[in-house]
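The values are calculated or read from the model by the stated rules, or taken from the named source; none is laboratory data. Model, not experiment: these values are computed from the prediction. All Cβ positions, glycine included, derive from the backbone under ideal geometry; neighbour counts span all protein chains shown.
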Amino acid sequence: MLQAIDLTKRYEDQQLALDALNLEIKEGEIFFLLGANGAGKTTTINLFLNFIEPTGGKALINGIDVTKEPLESKKYVSYVSENVMLYGNFTARQNLDFFAKLGGKTDLTKEDYYMHMREVGLQEEAFEKKLKTFSKGMRQKVGLTIAIIKDAPNILLDEPTAGLDPKAAAELLQILMNQKRQGKSILMCTHDIFRAKNIADRVGIMKEGRLVMVRTREEFLEDDLEKIYMNYMHEMVIEKV
Amino acid sequence: MILRIASKELFHNMSTSRFITGFLLCLLLIPFPIIISINEYRSKVSMYETEQKQVDDKNIVKVYSAYRPVIVKKPGPLSIFARGVSYNLGNQVKILFSDIPMMSEGKAESRDNPFLNRFFTFDFISVLIIIISLMAFLFTYDICTWERETGTLKMMLANPVSRASVLAGKMLGTFFTLLPMLLFSYGLCILVIMFYPDIHFTSSEWLRIGLIFLLSMVFLVLFMVIGLFVSSRVRHSGTGIVICLVLWITFLFIVPNLANYSAKSFVKVGSVENLEFNIKELNDEYLKKTEEYEKKLPGADWDMQWNTRWDSRDGFNIIGGASKSSFEKIKLKNEFTEPLRVDYADKKWSFRKAYITKLEKQQNFARYLSFLSPSEIFKESVNGLCATNAESHYNFLDQTRRYREELIHYYKEKKLFSSYLYFTQQDPKNFMTVDEIVNYLTKGELKSFAEVEAHKDPFYFFGKTKNSFPNSNIDEWKSIDLSQFPKFNYRPAKVLNDIHHSLLHIGVLFALALALFYFSYKSFIRYDVR
């Protein structure tokens, strides 16, 4: 379970990146956080991963305060970034091995890695190839495999479908659905409103560091999510003008 | 966890072109300075053997005044590793009673063609410093930034791994990446040396080589930590490499030259001409005193001397034959002039010592200023272990001075200054009066010195001589026994002493590395991984 309680981040230049975010993502729930660039989506993920310190409030992973116990909290979370680069001179399997061990999975065999890579749809011939030869879609799949291998109860994804072709994006979302079925709490930051409509249980829209709207699946399917999102974006554009 | 990150880092580094480049650099740059240094060392040894032979030949002395030993310093094989200042200074010291040794003489480094001297040569340590510091920077300038730029730092820190572990692991991995290069460089060096069977190292020298290797490791770590510190303070690898290159040039080239230039500008030594003028005044004063004393002595009945060899510089005086009164007068004169010569040497030394102290001050100023560069601390320490630094030379000169004191003490104790053997091997029992000499040399044709004096023509007497002065052929005199004389035994600084010094330097370098690592850690804790 992921929880943000009045989670706030103000940078040294006084820019308010996140303004008292309150959010709770339950087991087996996919939460899509939508918003324009600079709305505070990535800041939220950075705060959950303790990459930056909050200036107010707290972020909890499975009830553990990430600021007070960062190492303990990170045992219960997996992370997939927007552009998974990993180590280009290592093979896919070597990358998996390194990150799996960092995540505490020290007893996996080569066959286990192969099995997980098959699960995300990577071709056999790619398993022992250097990652620098991979396309972005393939790298994202390796990144997702790392998250799956860790088998943490929470997954944070930061724009994972950006730059992916529709097929690769669809495959990635299918994997997320599988993870949801296993009871994982999933927080995904994205611009991809169409994917949100397909798999999100709840959707939140962020605007200038604030969570301005949260809709359940039933609500946003009824209200036309795209229209709501565009309205918020339009308001923001007008405000800026 | 640290070991896991370290092995990842090692594996990653080994798969980069930097790693291969490092080994190629070692392979290309290490053997040549070693071969040059070996050849220079062998030529120094051959020069030493020739000079030592000449010195041994000269040590066949007939009178005590002729015994002025020359000490030749044997070059050490560790100069192959670091030549320090040893090749810029002479290797000989002549023990004189009229002067306390100030600097060594003899051959310093020079090439047959002096125009080639502008092409300075590197020794092993200089090349090692260049390679190791450069490689340390090349592997660490982006140690934090490239993982931030590729996003792998975020991937790592999204796991239950502390930043301290990440930092320590990366440093450990990089250290084990660079350690093979260091081992390879030393291995290559030893391998080249093994091709020269005439070069041997004693167990003490092997110990010193071991210490130099240990120092090299600390030096490597220090430059790695400097690179780490830079990388932890910047956001982009491009900025990191520029700062590291500026630091590299500053540490290796600017600081040493600036230190020498500043020392020359801020610490004035004074002119050698001034020193020489003061020395000349004291020499003149000494001569005046000896002349005044000589005037007070009872005049010899005949100043005529046979088979004389004489050098005013240091009291060297051999007299094959003379009248009894002449011998007695010279003995009396020596009793006064030789101790006085030693006294005046002490007076001259006060000026020379002041000059040397200024030279030392200037050198120390340059040295301590150059310690702004870690590579200079390292070089100084290695030179110390190789006994090629200025201190080793001072130590050698100090020992020659102590030996001179010992020798003078022996002369005084044994009353050699006031002995006839100080200037002649004629037996005092056989000393002849002037009349006896005239009678003997002319085979009785002239009976007394009065007859010689009666004739104004100086060649009158020589025309009458039929005998040569008895036992006056110096070449036939036997060499005097010097076995009881104090001998010079050069005692290089003890290994323990050098270890103490090098441990101090290792400590300084290590403390610097630790301090910088601490600051790097502090930076990395706050490092924005986004």
(Q) Can you name every one of the helices (runs of 4 or more DSSP H) wholly within segment B:395-514 that holds 1 or more residues which are touching a residue at least 24 places away in the same chain (Cβ under 8 Å) and crowded, with 19+ Cβ neighbours inside 10 Å? (A) B:434-441, B:449-454
Q) So which of A:162, A:170 ends up being out of contact with any helix residue (DSSP H, G or I) (no Cβ under 7 Å at 6 or more places or on another chain), more than 12 Å from chain B (Cβ to nearest Cβ), modelled with pLDDT under 90 and not in a helix (DSSP H, G or I)? A) A:162
Q.
Going residue by residue through segment B:389-399, is there one that turns out to be among the aromatic types (Phe, Trp, Tyr) and in contact with a helix residue (DSSP H, G or I) (Cβ under 7 Å, 6 or more places away or on another chain)?
A. no
Q.
With the structure loaded, tell me whether residue A:168 is within 23 Å of residue A:27 (Cβ to Cβ) and either more than 16 Å from the chain's Cα centre (by Cα) or crowded, with 21+ Cβ neighbours inside 10 Å (or both) or whether it fails that test.
A. no
Q) Within segment B:63-80, can you find the residues that are more than 14 Å from residue B:314 (Cα to Cα) and outside any loop (DSSP other than H, G, I, E, B)? A) B:71, B:72, B:77, B:78, B:79, B:80
Q) Of all residues in segment A:31-81 being in contact with a Gly (Cβ under 6 Å, 6 or more places away or on another chain) and not in a loop (DSSP other than H, G, I, E, B), which is nearest to residue B:165 (Cα to Cα)? A) A:80
Q | Of residues in segment A:53-103 being in contact with a Lys or Arg (Cβ under 8 Å, 6 or more places away or on another chain), within 7 Å of another protein chain (Cβ to nearest Cβ) and over 24 Å from residue A:164 (Cα atoms), the one surrounded by the most Cβ atoms within 10 Å (Cβ to Cβ) | A | A:102
Q: Considering each of B:176, B:213, B:184 in turn, give the residue that is in contact with a Cys (Cβ under 7 Å, 6 or more places away or on another chain), in a helix (DSSP H, G or I) and either closer than 17 Å to residue B:31 by Cβ or among the hydrophobic types (A, V, I, L, M, F, W, C) (or both).
A: B:184
Q: Could you please find all residues in segment A:104-138 being part of a helix (DSSP H, G or I) and surrounded by 17 or more Cβ atoms within 10 Å (Cβ to Cβ)?
A: A:113, A:114, A:116, A:117, A:126, A:131, A:137, A:138
